[in-house]
Amino acid sequence: MNDFSAGSAAFSHLDLGALLYFIVAWVAYGLSVGRLRGRMVSLSQIMNGHRANWARQVIGRDNRVVDTQINASLQNGTAFFASTSLIALGSVLTLSRSGDDVLNLFATLPFGTVANRLTWELKVAGLALIFVYAFFKFAWAYRLFNYTAILLGAVPPKGSGASDTEMLRAVRRLAAMNVSAGRHFARGQRAFFFALAYLGWFISPYILFVSTTAVVIIMWRRQFASEIRKALLEAGEGPHEGPLLSPAEEART
């Protein structure tokens, strides 16, 4: 108990403030990427619209080999990141066994404020939690892309006798599953970026403030000020996210 109290005391108000800033920045950025509309729509939302458009195109294709290959490539990329998150988690757990050596090293750095072994281990545990979160996001995205493949095969082909409403409902399910898989994959990637920012806390809370701000600025520019986003908007490629059926059509089915 005394050791725990000593470790808790090592987290100064500045440490706690930096950690709170890190968490708020993560949450606020995630909300802005998913909820801003109009001219502030994010690149992810624009691409979600293209996911829905892709699902619509499935109706007009008899041969869907290309569609399955695209979905397989998305699923394979998700599997790669899931494996990477496990490797990163193993590396983080290794860090917890090297606490004494690292503490001696950080003590010689400017602004180094790591006080004791318990403080170090608590910070390592926080980093491990980030990679655990990333793994679950990637693993769930992988599963959702698997479901997407199933729903892709369930879309009635032309000439099957299915009504237009039935085909649109199948496409709507396919689009919703694909968008959801992409959203979870993006959250896993976001965790990787913020894990890089979190590393600054091992040196100093001041570095955590700076690294968090830098990561948010970089990701914000990619989502809201990148050249590809500008090109898509100039080409008239606004967001198309939303239900493929109107409420009245959905009620009739």
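The values are calculated or read from the model by the stated rules, or taken from the named source; none is laboratory data. Just so you know, these numbers come straight off a predicted model, no measurement behind them. Here Cβ is always computed from backbone atoms with ideal geometry, including for glycine, and neighbour counts include all displayed protein chains. Only protein heavy atoms, including side chains, enter the accessible area calculation; ligands, DNA and RNA are left aside. Shrake-Rupley method; radii C 1.70, N 1.55, O 1.52, S 1.80 Å.
Of all residues in segment 31-42 being exposed (fewer than 14 other Cβ atoms within 10 Å of the Cβ) and part of a helix (DSSP H, G or I), which is nearest to the chain's Cα centre (by Cα)? Quick ask: steps written out before the conclusion?
Restricting attention to segment 31-42, the residues satisfying the condition of being exposed (fewer than 14 other Cβ atoms within 10 Å of the Cβ) are 31, 35, 37-40.
Next, from what is left, pick out any that are part of a helix (DSSP H, G or I): 31, 35, 38-40.
Working: Leu31: 12, Arg35: 15, Gly38: 22, Arg39: 22, Met40: 19 Å.
Taking the candidates together, the pick is Leu31.
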Per-region count, segment 156-173, residues open to solvent by 10 Å² or more (accessible area, probe 1.4 Å), in contact (Cβ under 8 Å) with a residue 60 or more places away in the chain and in a helix (DSSP H, G or I)
6
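Pull up segment 31-40, narrow it to residues that are modelled with pLDDT of 85 or more and hydrophobic (A, V, I, L, M, F, W, C), then point me to the one that is farthest from Phe224 (Cα to Cα).
If we filter segment 31-40 for residues that are modelled with pLDDT of 85 or more, which is where we start, we get 31-33.
Those left that are additionally hydrophobic (A, V, I, L, M, F, W, C): 31, 33.
On the way: Leu31: 13, Val33: 9 Å.
Restricting to residues being modelled with pLDDT of 85 or more and hydrophobic (A, V, I, L, M, F, W, C), the top hit is Leu31.
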Among residues of segment 188-207, those that are polar (S, T, N, Q) and within 22 Å of Trp140 (Cβ to Cβ), counted:
1
When Gly90 is run through (1) open to solvent by less than 40 Å² (accessible area, probe 1.4 Å); (2) without any contact (Cβ under 8 Å) to a residue 60 or more places away in the chain; (3) closer than 20 Å to Leu174 by Cα, the failure sits at (3)
Subset of segment 205-241 (residues that are open to solvent by 40 Å² or more (accessible area, probe 1.4 Å), modelled with pLDDT of 95 or more and of a type in the set (Ser, Thr, Tyr))
Thr213
Considering every residue within segment 188-197, establish whether at least one is over 11 Å from the mean Cα position of the chain (by Cα) and open to solvent by less than 60 Å² (accessible area, probe 1.4 Å).
yes
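Let's see how each residue does on (1) modelled with pLDDT under 70; (2) at negative phi; (3) surrounded by fewer than 16 Cβ atoms within 10 Å (Cβ to Cβ); (4) over 26 Å from the mean Cα position of the chain (by Cα):
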{"site": "Leu20", "(1), (2), (3), (4)": "no, yes, yes, no"}
{"site": "Tyr29", "(1), (2), (3), (4)": "no, yes, no, no"}
{"site": "Ser44", "(1), (2), (3), (4)": "no, yes, no, no"}
{"site": "Arg51", "(1), (2), (3), (4)": "no, yes, no, no"}
{"site": "Asn63", "(1), (2), (3), (4)": "no, yes, yes, yes"}
{"site": "Ala79", "(1), (2), (3), (4)": "no, yes, yes, no"}
{"site": "Ala82", "(1), (2), (3), (4)": "no, yes, no, no"}
{"site": "Ser85", "(1), (2), (3), (4)": "no, yes, no, no"}
{"site": "Asp100", "(1), (2), (3), (4)": "yes, yes, yes, yes"}
